[in-house]
Amino acid sequence: MGKRPKGKALRVVLIGLFILALLVTALQPALADATVGETVVTLGKDLTPSQREAVLQEMGVDPNAVTIVEVTNAEEHRYLGNILPKSAIGRRAISSAKITLEQPGSGVNVETHNITWVSESMYVNALLTAGVKDATVYVTAPIPVSGTAALTGIVKAFEQATNTSISEEQKQVANEEMVRTAQLGEKIGDPDKAAELMLRLKEELAKQGGQLSDEALRQLIINVAGDLNIQLSDQDVAQLAELLRRIASLPIDWASVRDQVALVRDNLDQILNAEETRSVLRAFLDFLVALFDAVARLFG
């Protein structure tokens, strides 16, 4: 009666092997991804030498140890010219940013300084739309600026860091989303609530696979805005509907990827934190240690 049934012993070993496989799989991206930790800095081309030095010092980077790319005012106008008047974009490129690639599943985190109009959550939303993921971003300027031009530099830095190319359509849509959300945030007096609205709308759109009629999409916008106590005009609804249509047509499914990463992380945490799992894992690791000790003794 004191012996463990063979079937149960086999299950314990199999569970242990399964958990070990999960651990190896979870660690593989961090070991295989040589770009994790890489930092790229983007600087506005019109920064003065003293401003350039001050920005780099603020970011805490050694200019000789990181990749630096420049963003021109012409590039800023390319992505914002159809959304904002030229006077709002300005004639000088001074917004700068630092982007550091993180472990897969880390998400996008943004911190800003001297940015007065675009909130951190708005940047996060727009960057996800542009295809940026798993990165820490710091956005700054030598003087207070709206922040609309900074997105161009951030995306450019991400392309450089990952050696990828983001489509022009994605860049255009991401910039439009950022501006429309900032405009709405200014109108309702709550930038973060405007960003939350966009995030919820995109999540709902992703659940439907983008397959919504014009009327269904319009009703979705009204319902989600109502849940957040946001009053939208007919023009607001029309602009948001058009933007969501463009987002749905992009050749990425970032919402699905984000949800899947979160689901895998939650499931793995639940498995590893369970007492039964920890007991089995400890027993299995003890077995491996004993096996390695035996092999070491065998070979002297």
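The values are calculated or read from the model by the stated rules, or taken from the named source; none is laboratory data. Because the structure is a prediction, the values reported are computed rather than measured. No Cβ is skipped: glycine too gets one built from the backbone with ideal geometry, and neighbour counts run over all protein chains shown. Surface accessibility is based on the protein's heavy atoms, side chains included, excluding ligands, DNA and RNA. Shrake-Rupley method; radii C 1.70, N 1.55, O 1.52, S 1.80 Å.
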Links that overshoot a 24 Å alpha carbon limit, given the list Lys86/Lys193; Lys156/Lys187; Lys45/Lys86; Lys98/Lys171; Lys187/Lys207: Lys86/Lys193; Lys156/Lys187; Lys187/Lys207
Under the Karplus relation with 6.51, -1.76 and 1.60 and θ = phi - 60°, whole-Hz ³J(HN,Hα) for region 149-164, x at Gly and Pro, equal 6, 5, 4, 4, x, 4, 5, 4, 5, 5, 4, 5, 5, 9, 6, 10
Given a 1.4 Å probe and every protein chain left where it sits, what share in percent of the accessible area of region 129-242 is carbon and sulfur? 44
So for each of 190-199, 49-58 I average, over its residues, the number of other beta carbons within 10 Å; can you give me the resulting order with the highest mean first? 190-199, 49-58
Quick one: net charge around Gly44, please, counting Lys, Arg +1 and Asp, Glu -1 for every other residue with C-beta under 14 Å from its C-beta. 0
How much accessible area per residue does region 98-206 have, counting only protein heavy atoms and a probe of 1.4 Å, in square angstrom? 35
Sort the following peptides by mean Cβ neighbour count (other Cβ atoms within 10 Å, averaged over residues), highest first: 97-110, 147-160, 73-86. 147-160, 97-110, 73-86
Inter-label distance for Thr72 and Ala88, nm, one decimal - labels placed 7 Å from Cα along Cα-to-Cβ: 2.4
Can you check what the net charge comes to around Glu177, using other residues whose Cβ is under 10 Å from the Cβ of Glu177 (Lys, Arg +1; Asp, Glu -1)? +2
Amide H neighbours of Val69 under 5 Å, counting only residues 5+ apart in sequence or on other chains, H built in-plane at 1.01 Å? Val41, Thr42, Leu43
